[in-house]
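Data first, discussion second: the structure below is written as structure tokens.
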Amino acid sequence: MFVTGLMEVLFGGAMLAMLADLVARRRGRLRPALVGAVASAAVLVSFGLMVSQWAPVLGAPVGAAFTFVTRPASSPLASVYGADRLSVFMMLSSMVVIGMVMVYSWKKLGPGDSAGPHFALLLLLLCSIVGVSSAGDFVTFFLFWEAMSLAAYGLVALKKDRPLAPEAALKYFVMAGMGSLLALLGMALVYQVSGTVLLAGVSAAGGSRVGVLGLVLLVLGFGVEAAVVPLHTWLPDVYSAAPGPVAAGVGGIVTATGVFAIVKVVQPLAYGSGGAQGLWGFQAALVCLALATMLLGNLGGLAQGNLKRLLGYSSIAQTGYMLAALSTLSPLGIVAVMFTIWNHGLLKSGFFMLAGVDDATYEATDLSSLEGAGRDDRRLGLAYASSVLGMVGSPPFGLFWSEIFVVQALLAAGSAVFFWLAVAVVLNVVLSIGYYFPVINRVVFGAARPGRPRATSFELAVPGALLALSLLTGLLPALFVGLLG
Amino acid sequence: MNISGWLVWLVPLVAVPVVPLVSRAWKKATGWFAVGVGGLSLLFALLAALAYTAEGTETYGVWLGYLNLPIEVSVDGLSVLVGVFVAFLSLLILVYSLGYMRGEEGQARYYSLVLLFVGSMLGLVMAGNLIQFYFFWEIVGLCSAFLIAFWSDREKARKAGLKAFAVTRIGDAALILGIILIFATLQTTSFTPVLAAVGGPNLSGSLLTAVGVLVFLGAMAKSAQVPFHVWLPDAMEGPTTVSALIHAATMVNAGVYLVIRMFPLFQASSVLLEMVLFVGLLSSGVGAVCAFTSNDIKRILAYSTISQLGLMFAALGLGSWAAATYHMISQGLFKALAFLAAGSVIAQLETRNIEEMGGLRKVMKVTYVGFLLSVLAMSGLPPLIGFWSKDAIVSIAFSGDLPAAAAILAISLMTAAYGFRALIKVFHGKGAWKKQVHESGPAMTVPIAVLSVSVVLAWLALGGQGYVSLPQLPAELTVSLALSLGALALGAVVSYEAFSARAESTAGLVARSAALRSLRKALLGGLGFDALFGYLYDRGVGGAARLASSVQTGLLDTDSALLLLVLVLAVVMAAAGAL
């Protein structure tokens, strides 16, 4: 089974990165690049390992196949893993995003930054996302979930001298910690109904009110990380306070992992034979949360004058669309969510890298400070304009298809509630133009201001590669959707 | 396989990334390269038309198996005819751009966007299924927005680009819902099976009406129909070449083209047809009235476009897709001609205000003849192309729907009146300009001349082509023809009297009468649609946004208190449930 292999490589890579940091401590500006090279190599090796072994997993239906157990299978505390297509797709998305963030970090970190911990935490983050993706029981799942959150707090707080960063990290820590508590209670309730800690036990929860309550609590608990309204309040602060590479990683994939955790909960219900019977209460809760999340995300975005906060609100809105698709409890909805995680991750992490060209202070990413930056540097302008178009779902970028998939999942569900939810989704996408186009209007078309520090080619190359990948997905969606079935 | 049906849109798209390279290697060749690509595209359009033998859809592999979505082009009479029309106009306007855009900064950006537009517009025309159609539909929209904002130092141009994108996207939101509703019902979006299913057990009744309304909302926004029309007059901030190509002749027709493509769907429901007729006549009236007051030559033409597009929808509402197709091509030719002539004037005088023009007929002869022919064609003078297409609509209205016929006649009268008003103010009387004015260069006059000839003669070609059976004038036309020509004459005379023979007393009358002044003000403001939407957006969305951001206190205490509350509530509920 390759999952444990992957985790060993990634974990070992983290240790090696710390070691490399120690060895290279007198290398000055080369130090981050050296440590980064070691860490990126670990991602590359794990990527190769995954691709070389994923054929049987991709060939099998979503669900129980390829479950395996570590250590004493008879023990109640045995760890159960179950990788399927969805897990593999999640791993792929996170490897691409975090791998790109690492490359971007090579030159972004200064000699005074703690390069070792930065790269090691990124690897641990990736390692725990791999664990979250493939966990088969609640105990294993929870362990990796907490590890992931810890790595994320650490990354946000790492640059201690950065204004606002420690406060934001604390906020993140407290909120996500309380979220974990909610999720834990949810797990307990589901266990009470189903009598098993296996994730598949969720399918028995629909039978009772306590079970449904457990499901709702799971969604709320993971929903803190996923920024489900009203538990989203930490997100804009964290995104805007985190340094560029970290914002790109957290905004690109960690928030999405929160949504993926909800996918894990919904998956046995969606792919199971029982259908959505007895779950209308759960579905109604999801529909309400979806509506509130997309609407508040977009309306909040309209009121922002800071690019990184704006991108944060847009992430909240995206979570709303994904929840809408999930509320159908159907395989179509899950595929729509997975494809959105991929497409949104590429664009959003690239966008944060663009914003990170100069984000030493909070004010530097105010739209008023960025005015005309894309006119001073045409390449930057093109990247900004493409990212905006991608984010509002214009072809030929990948997120265009995600919107179609979400709407399709809703309309295929065939009831009036979901029809109106689809109407809400498409209107919300239009609403997002209201805050995204001013970004073009000001950053790309604003008055030139000579003397501004120019983005280096390297700073543009990494987001450029992400945009190119998004473009490729937009032109040849089958290449990636094929992995999902 | 009709390979040209693919190359016609693929060639311009592939050329897009090449433009910046050409520009970097040899700046002066950028425009010529684009012209060459436009020429190739026209060649392939013609070859596709020649190779066309029978209706059919050509499929090339699978685009997205998950959605059961092939890549396909539909090669039928309609698409090859419209394809040739689009490629022909694109080439002419690319040539015209050589003169009009000479010396402008950002040539690479301009030509790559125009080629992206041309390729996507042709892709849209040739698309074999609705999702492919929508893909290109979105791209032409964003090309349009970025070309409107081309002179991005101007705040007005930037705002106009944003507005065009946002307003049309509202319609697109409805369109994509409609398309996916079709897909969710029929598991396909290819035109042939979808249209075959219309009226069958899967697609009828209220579902059919819902799909029709959603699709039509998309068409309305793209084709600038009331109340979505507000973006088009502002879109005139873009270069005149862009106004001619995108906002007069091709992209704004896409909505009409969509309804023509999906016409069996609309025909299946009288509610849908009546809606299309109503919206068309309303927009046509609003456009004509507003065109009469504006002093900006390009806004006059934009309102006129809204009005003419309304007539096409009216034709569709009356049940004749052939008349709508005819008028679509006809309007494309004479309106592109009007814009190119206007652009030639603007390039000389560097103003768009018709009050600052006048007396140009002697110094700019080719331009004058072009604009004159365009106005005559638009007013429906035989045998110019506008006569055939408009009288087809009038005569259909006469044979079925008399109130609609009366409305169309009234609009015809208005059309002649605003057309001649513009002609008189720009080219006749005395010039208010002081600088040296001369005719534009050959890059601009040759396309004007070519379009002038086609406005006079294209009806012969269109009558002789075998792709789409366009309406020939019926024998019992006499009454409608007489009335329609009467409306033309009356409109022309009114404008001549008001703006040439008694220009001063007209101005005095408007100055004296408070009612006329306020009417004029209302019309100049576009009848308040813009103000209303602005108010609604600021109050509604803006207010909601402020409310939403007030939730964000940034205080950890309040945020975590909420979570704690959820937790306590959950424990209580769990305990209650367990007991």
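The values are calculated or read from the model by the stated rules, or taken from the named source; none is laboratory data. Nothing here was measured: the structure is a model prediction, and the numbers come from that model. Glycine also receives a Cβ, built like all others from the backbone with ideal geometry; neighbour counts cover every protein chain displayed.
Collect the residues in region B:53-80 that are more than 14 Å from chain A (Cβ to nearest Cβ) and at pLDDT 80 or above, keeping them in residue-number order. Of everything in region B:53-80, those that are more than 14 Å from chain A (Cβ to nearest Cβ) and at pLDDT 80 or above turn out to be B:Glu72, B:Val73, B:Ser74, B:Val75, B:Asp76, B:Gly77, B:Leu78, B:Ser79, B:Val80. Scanning region B:195-222 for residues that are within 21 Å of A:Ala409 (Cβ to Cβ) and in contact with a strand residue (DSSP E or B) (Cβ under 8 Å, 6 or more places away or on another chain) yields a single hit, B:Val211.
When you scan region A:375-395, do you find a residue that is in contact (Cβ under 8 Å) with a residue 24 or more places away in the chain, closer than 21 Å to B:Val541 by Cα, part of a helix (DSSP H, G or I) and within 11 Å of chain B (Cβ to nearest Cβ), even just one? Yes, because at least one residue in region A:375-395 is in contact (Cβ under 8 Å) with a residue 24 or more places away in the chain, closer than 21 Å to B:Val541 by Cα, part of a helix (DSSP H, G or I) and within 11 Å of chain B (Cβ to nearest Cβ).
Mind checking which residues of region B:1-28 are out of contact with any helix residue (DSSP H, G or I) (no Cβ under 6 Å at 6 or more places or on another chain) and over 16 Å from B:Ile71 (Cβ atoms)? Across region B:1-28, the qualifying residues are B:Pro17, B:Val18, B:Leu21, B:Arg24, B:Ala25, B:Trp26, B:Lys27, B:Lys28.
The criterion of being closer than 29 Å to B:Ala174 by Cα, over 25 Å from the mean Cα position of the chain (by Cα), assigned to a helix (DSSP H, G or I) and touching a residue at least 60 places away in the same chain (Cβ under 8 Å) holds for A:Val417.
Candidates B:Ile170, B:Ile148, B:Ile179: the one that is of a type in the set (A, V, I, L, M, F, W, C) and in contact with a Ser or Thr (Cβ under 7 Å, 6 or more places away or on another chain) is B:Ile179. For region B:272-294, a residue qualifies if it is under 11 Å from B:Gly317 (Cβ atoms) and β-branched (Val, Ile, Thr), and the qualifying residues are B:Val276, B:Val279. Here region A:425-441 is the region considered, the condition is being buried (at least 20 other Cβ atoms within 10 Å of the Cβ) and more than 18 Å from B:Ala164 (Cβ to Cβ), and the residue that is nearest to the other protein chains (Cβ to nearest Cβ) is A:Val426. Restricting attention to region B:138-149, the residues that are part of a helix (DSSP H, G or I), more than 15 Å from B:Lys222 (Cα to Cα) and within 10 Å of another protein chain (Cβ to nearest Cβ) total 1. For region B:178-193, enumerate the residues that are within 14 Å of A:Gly414 (Cα to Cα) and of a type in the set (Phe, Trp, Tyr). Scanning region B:178-193 gives a single hit, B:Phe183. Every condition in (1) touching a Phe, Trp or Tyr at 6+ places or on another chain (Cβ under 6 Å); (2) at pLDDT below 95; (3) more than 9 Å from every other protein chain (Cβ to nearest Cβ) holds for A:Leu460 except the one numbered (1).
Just one residue in the set A:Val250, A:Val228 is more than 10 Å from every other protein chain (Cβ to nearest Cβ), under 16 Å from the mean Cα position of the chain (by Cα) and more than 30 Å from A:Val103 (Cβ to Cβ); that residue is A:Val228. Comparison of A:Gly179, A:Gly186, A:Gly214, A:Gly221 shows that the only residue that is facing chain B (nearest Cβ under 10 Å) and either touching an Asp or Glu at 6+ places or on another chain (Cβ under 9 Å) or not in a helix (DSSP H, G or I) (or both) is A:Gly179. Based on what the data block shows, is A:Phe480 at the interface with chain B (Cβ under 8 Å from one of its Cβ atoms), under 26 Å from the mean Cα position of the chain (by Cα) and either in a helix (DSSP H, G or I) or in contact (Cβ under 8 Å) with a residue 24 or more places away in the chain (or both)? When the stated conditions are applied, A:Phe480 does not pass them. Among the numbered conditions (1) part of a helix (DSSP H, G or I); (2) of a type outside the set (Lys, Arg); (3) at the interface with chain A (Cβ under 9 Å from one of its Cβ atoms), tell me where B:Ser152 comes up short. Result: B:Ser152 passes all but (1).
Is it the case that region A:406-416 has a residue that's β-branched (Val, Ile, Thr) and more than 8 Å from chain B (Cβ to nearest Cβ)? Yes, the conditions are met somewhere in region A:406-416. Here B:Tyr100 fulfils each of the conditions (1) within 11 Å of chain A (Cβ to nearest Cβ); (2) more than 21 Å from A:Leu475 (Cα to Cα) apart from (1). For region A:283-299, the criterion of a residue being part of a helix (DSSP H, G or I), surrounded by fewer than 21 Cβ atoms within 10 Å (Cβ to Cβ) and free of Cβ contacts under 8 Å to residues at least 12 places away in the same chain is satisfied by at least one position. Take B:Tyr110 and decide whether it is within 14 Å of chain A (Cβ to nearest Cβ) and over 30 Å from A:Ala409 (Cβ atoms). So B:Tyr110 fits the description; yes.
Scanning region A:192-208 for residues that are in a helix (DSSP H, G or I), surrounded by fewer than 18 Cβ atoms within 10 Å (Cβ to Cβ) and either free of Cβ contacts under 8 Å to residues at least 60 places away in the same chain or of a type in the set (A, V, I, L, M) (or both) turns up A:Gln192, A:Ala204. Could you please find all residues in region A:2-23 being buried (at least 19 other Cβ atoms within 10 Å of the Cβ), small (Gly, Ala, Ser) and more than 23 Å from the chain's Cα centre (by Cα)? Within region A:2-23, A:Ala17, A:Ala20 meet the criteria.
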